[in-house]
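A short write-up of the structure that comes next.
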Amino acid sequence: MTSKSEMAKKLAEAHRNIEPSISRIIHLVADRDSSDAEPVKLLEVNPDTFESGIWPIHFGAYPPQIPFPSVVIEVTEKEFEEIRAGSLLLPYGWKLGETLYPAAA
């Protein structure tokens, strides 16, 4: 079975292919990630979006290709910097995880 980490990488690649203006995709992590009910969470930095704060968009699972529900949060570069600085907060318990795009060299 595909792990959430592997699914996050696949979803990030698919989203990047669909939306080429995305400049960065971060896997968001939470303590509850071991639960199958907890979604795969992606933060997508897109300079072509508008500033709107944190608005998680939820998607259901679509087995067998996508065995977990998922959540995408799209932000501007400025909002991403505010998240990193702690002045714009992610949902409770969510933290920045691995950068999936651009992939580390």
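With contacts taken as Cα pairs under 8 Å and at least 6 residues apart, the stretch 4-101 reaches a relative contact order of 34 percent.
Non-local lysine pairs in the chain, meaning eight or more places apart or on different chains, with alpha-carbon distances under 17 Å, amount to 6. Overall, the anisotropy analysis places the stretch 66-105 in the oblate class: the square-rooted eigenvalues a ≥ b ≥ c of its C-alpha gyration tensor yield a/c not less than 1.5, with a/b not exceeding b/c.
Of the residues SER70, SER87, SER23, the one that moves most in a GNM of the chain with alpha-carbon contacts below 10 Å is SER87. Per-residue Karplus couplings for the stretch 19-36, computed as 6.51 cos²θ - 1.76 cosθ + 1.60 with θ equal to phi - 60°, are listed in order as 10, x, 7, 4, 9, 7, 10, 10, 7, 8, 10, 8, 4, 7, 4, 6, 7, 5 Hz, Gly and Pro entered as x.
Each stretch of four or more DSSP H residues adds -39500 (n - 2.57); spread over every residue of the chain, this sum gives -7000 deg cm²/dmol at 222 nm.
Need one word for the stretch 4-101: rounded, prolate or oblate. Basis is the Cα gyration tensor (sqrt eigenvalues a ≥ b ≥ c); a/c below 1.5 gives rounded, then a/b vs b/c decides. The shape class here is oblate.
Enumerate by residue number the chymotrypsin sites (Phe, Trp or Tyr not before Pro) in the stretch 16-105 meeting two conditions: DSSP loop (anything except H, G, I, E, B), and at most 10 other Cβ atoms within 10 Å of the site's Cβ. Hits after loop and neighbour filter: PHE50, TYR92. Of all the options PRO63, PRO91, PRO39, the one that moves most in a Gaussian network model of the chain with Cα springs shorter than 10 angstrom is PRO63. For the options LYS41, LYS78, LYS95, a Gaussian network treatment of the chain with springs between C-alpha atoms closer than 10 Å singles out LYS78 as fluctuating the most.
For the chain, DSSP calls about 70 percent of its internal beta bridges antiparallel.
Values quoted throughout were computed directly from the atomic coordinates according to the rules given, and no laboratory measurement underlies them. Note that the structure is predicted; figures quoted are calculated from it, not measured. Quick reminder, even Gly has a Cβ in these numbers, built from the backbone with ideal geometry, and neighbours come from all protein chains shown.
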